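Participant: Take a look at this one; I'll ask things after.
Please treat every number below as a calculation from the coordinates, not as lab data. Bear in mind that the values here come from a model prediction, so they are computed numbers and not experimental data. Ideal geometry is used to build each Cβ from the backbone, glycine not excepted, and the neighbour counts take in all protein chains shown.
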Amino acid sequence: MNTSITKKKILSFLLVLSIIFTSAISPFDFAYAVNTSEDDNNLDTQITEQIRVVDDGLYINDTFYSKEEFEELLEQAVYAENGNEINSLAITGALAGSWVIPGVGPIVVTTAGVIIIGGAVIAAGTWAYNAVDAFFAERAYKGHKEDGTKTDGHTVDNNPSKLPKTGTPRTSRDRTADGSWNGKVLQRRYYDKNGNADLDIDYTNHGNPKAHPKVPHRHDWNGNTRGTGY
């Protein structure tokens, strides 16, 4: 094998990786990256000049927030005024886009699943990463549920008679007249973060227009019990 050609191939490959990495990160203009600890037992200790994640909370600009306090901060997150329209999902299932937490700074979730807080990349696998991922995934799910739209990971059941009471967490599932993707939608069910039936949207009056004058109408689930239509 020609050694010179092999070296060129390796260099070309490394150059491509460098370009991909740079283009994926530079648009978000973050200053400091969080490096994963080499010791798996210390995975939850990530340090930057702005963000420091520890086992029981995190420091943001030297201010300590417990896990509970950080989750409360996430509730205050709003769309960044100069951010792009939030219309895509990261591979983690969270909303992709730019958000701002007053007093903390921007949170960016990329379509590749990278989470950046206050300019620092939060390492995947840390509790902070998981908290942000779960929060925005839940927010995305609630948005679809409120609008009656299909979630990421939406499916169609091949049984036209009924839908299962359990499914993939934070997803929707349709029941169609013939069990096909192109069939008339009779019912859409949403499954909560635990995979349990959460909400039904029925697109028929069940043959009883007096009892169900509104089409479509909704039924909330409480455990294994489906509530009355509204």
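Participant: Past 18 Å, Cα to Cα: identify those pairs from 150/193; 162/193; 142/193; 165/210; 145/165; 67/142, in the order given.
Facilitator: 162/193; 165/210; 67/142
Participant: What order, most packed first, do the peptides 64-72, 168-176, 50-58 have when packing is the mean number of other Cβ atoms within 10 Å of each residue?
Facilitator: So the order, starting with the most tightly packed, is 168-176, 50-58, 64-72.
Participant: Label points 7 Å out from Cα along the Cβ direction at residue 111 and residue 194: separation in nm?
Facilitator: Distance between label points: 3.5 nm.
Participant: Considering the Cα trace of the stretch 149-226, what is its radius of gyration and what is Dmax, both in angstroms?
Facilitator: 12.1, 35
Participant: Around residue 139, what is the net charge, scoring Lys/Arg as +1 and Asp/Glu as -1 over all other residues with Cβ under 14 Å from its Cβ?
Facilitator: Values: positive: 142, 145, 170, 193; negative: 71, 75, 133, 138, 146, 147, 152, 192.
Result for the local shell: -4.
Participant: Once amide H atoms are placed 1.01 Å from N in the peptide plane, what residues at a sequence separation of 5 or more from residue 199, or on another chain, have their amide H within under 5 Å of its amide H?
Facilitator: 190, 221
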